[in-house]
1. Quick one: what pairs do we get from the range 134-162, first residue closer than 10 Å to Cys176 by Cβ and touching a residue at least 60 places away in the same chain (Cβ under 8 Å), second surrounded by 14 or more Cβ atoms within 10 Å (Cβ to Cβ) and β-branched (Val, Ile, Thr), C-beta under 7 Å, 6+ apart or different chains?
2. Quick one: which residue in Glu52, Glu74 is acidic (Asp, Glu) and more than 30 Å from Val168 (Cα to Cα)?
3. Restricting to the range 1-36, what's the tally of residues that are touching a Ser or Thr at 6+ places or on another chain (Cβ under 9 Å), buried (at least 18 other Cβ atoms within 10 Å of the Cβ) and modelled with pLDDT under 80?
4. Does Thr40 satisfy the condition of being among the β-branched types (Val, Ile, Thr), buried (at least 21 other Cβ atoms within 10 Å of the Cβ) and not in a strand (DSSP E or B)?
5. Looking only at the range 53-86, how many residues end up being exposed (fewer than 15 other Cβ atoms within 10 Å of the Cβ) and either in contact (Cβ under 8 Å) with a residue 12 or more places away in the chain or closer than 23 Å to Ser110 by Cα (or both)?
6. Looking only at the range 9-32, how many residues end up being more than 15 Å from the chain's Cα centre (by Cα), assigned to a helix (DSSP H, G or I) and in contact (Cβ under 8 Å) with a residue 12 or more places away in the chain?
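The values are calculated or read from the model by the stated rules, or taken from the named source; none is laboratory data. These numbers were taken from a predicted model, which means no experiment stands behind them. A quick note on method: Cβ atoms are made from the backbone with ideal geometry, for glycine too, and the neighbour counts reach across all protein chains shown.
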Amino acid sequence: MESSWGALRLDGARSGNLLLRLATETDLPVILRMVLDQTTLLAVRETAEYAEHSLRQLWREEPATSGLRHFVVERACTHEVIAYLRLEYPFNDPACLWLTFFCVAPRHRSKGYGRRIVQLLTTEAAGCGCVRKFGMHTMVSNSVAVRLYHSSGFVCVKREPWQSSNGVTSDRLTFCLTLGETRGGACEEATEGVAGDA
């Protein structure tokens, strides 16, 4: 799985004053505050207990075998972390990149950072030449994410009922953006088996 990340070098990618970098252990308290914020929990339809447990479990996974990477976005001038995201290659397919979680810190929302970050990820993924599809899930009730992905060129390819850990049922949308000529169907297969909300 490490080889899949070789061509896509996101650590250190920049967009203006924004810097994308791999998250470290020292970032975990800030990430937890973002993930456990009430508006974030409402958007992903999860309980605080489940969200924290899930994050801590994913944090411990071995990156070389799981294909999952944790990133933060910081303002380069102040090093203030303003967003957290998880990216993964589902089914060990380097042609399909999956955004499994994405949130902007509450005090930095509605300032265009989400759009800039999605654009940065899309540009970097397209530029590496190996990623052909970029996808994510979000809940239909997360209107901010739905508008962001639609306006960023992503297409909703699937809508399905989804039950969260706290028993709330809502429709989950799968968005996908084709970055180049598709080599196979793994991104479509990923819509069947990769959980997460962006």
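1. Listed pairs, sorted by first residue: none to list.
2. Working: Glu52 fails: more than 30 Å from Val168 (Cα to Cα).
Only one candidate qualifies: Glu74.
3. Of the residues in that region, 1 qualify.
4. Working: among the β-branched types (Val, Ile, Thr): yes; buried (at least 21 other Cβ atoms within 10 Å of the Cβ): yes; not in a strand (DSSP E or B): yes.
Yes: the conditions hold for Thr40.
5. From the range 53-86, those exposed (fewer than 15 other Cβ atoms within 10 Å of the Cβ) are 53, 56-57, 60-66, 76-80; that's our starting set.
Adding the requirement that they be either in contact (Cβ under 8 Å) with a residue 12 or more places away in the chain or closer than 23 Å to Ser110 by Cα (or both) leaves 63-66, 76-80.
Selection size over the range 53-86: 9.
6. The total comes to 4.
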